[in-house]
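Take a look at the structure set out below.
Where a number appears in this text, it was derived from the coordinates with a stated rule and is not lab data. Keep in mind that what you see is a predicted model, and the values were worked out from it rather than measured. So basically every Cβ, Gly included, is an ideal-geometry build from the backbone, and we count neighbours across all protein chains shown.
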Amino acid sequence: MERRIVTIADIVGSRSLPDRSAAQRAIEDAVTRVERDAPAAEQPLVATVGDEFQAVHTELSAALRSLLLLQLALPEGIELRFGVGVGGVRAVDSRTELISDGPGWWAARDAIEAVHRLQDRGMPKARTRVVGAPEEDADMMSQIRMANAYLLARDELVGAMSSRARRLTYGRWAGRTQRELAEEEGISQPAVSQMLAAAGSAALLAGLSALEGDDR
């Protein structure tokens, strides 16, 4: 089996959404945007059953980048939870299609359940958790522990952002100037600067750069 970074995502509060079909389309549009702007997935996030989605990456940093950008790209009122598993994955023949299974997927299921537990323990903005399969080596488990510490702070920042602040943060990540973003939003450039500062966008994007090995 080859190690993969696999993600199981579910829709937060899916049963209470006023238009479930519209939410599904919005999520899929956001996934398409992220994969266009930062292609990294071996299998981009795709709907599976109910309110769940699955994705496959080869690198943990690439997976966490994609999930952050997806959080920023989702419209107001639509959120996802992410359980990220690190471990071996194997192909399984099926009469319907080729599917995969293995410790990586079992770890991802454990991870999304861990997100639910964090929310129940007084961290309602928690959205992402990483779990390694038992056979993963000490170096990878150390990376996972550091990733989870980072994700707790990251999710708090994103969870406190308004939809406009998320759009502006995504735009800054994509290299758009504050003036360009102000014109798109119909507000002043100083208002954009103030909103980004209040939301902690610079810290969020600096954390993303550090995650990808750019410590500038």
(request) Could I have the simple spin-label model distance between Ala38 and Ser16, label points 7 Å from Cα toward Cβ, reported in nm to one decimal? (result) 2.9 nm
(request) Quick one: grab Rg to one decimal and Dmax as a whole number for region 101-211, Cα atoms only, in Å. (result) 17.3, 53
(request) Please give the helix 60-73 orientation as an angle from the longest Cα principal axis of the chain, in degrees from 0 to 90, rounded to the nearest 10. (result) 50 degrees
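Provide the gained length on full extension for the span Asp93 to Ala191, in nm with one decimal, where the gain is 0.36 nm per separating residue minus the Cα-Cα distance. All intermediate terms of the calculation are to be shown ahead of the outcome.
Numbers: separation 98, 0.36 × 98 = 35.28 nm, distance 5.48 nm.
Between Asp93 and Ala191, full extension yields an extra 29.8 nm.
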(message) Tell me the mean residue ellipticity at 222 nm calculated for the chain from its helices only (DSSP H runs of n ≥ 4, each -39500 (n - 2.57), averaged over every residue, nearest 500).
(response) -17000 deg cm²/dmol
(request) Only one of the values [x] 43; [y] 36; [z] 50 was calculated from this structure for percent of Cα pairs over 24 Å apart; name its label. (result) [x]
(message) So if I place +1 on the C-beta of Lys and Arg and -1 on the C-beta of Asp and Glu, and nothing else carries charge, what would the dipole magnitude of region 28-132 be about its Cα centre? I want it in debye, nearest 20.
(response) 380 debye
(message) To test your reading of the geometry: what angle, between 0 and 90 degrees and rounded to tens, separates the Cα axis of helix 163-173 from the longest principal axis of the chain?
(response) 80 degrees
(request) Note the angle between two axes, namely the Cα long axis of helix 103-120 and the longest principal axis of the Cα atoms of the chain, as a number of degrees from 0 to 90, rounded to the nearest 10. (result) 50 degrees
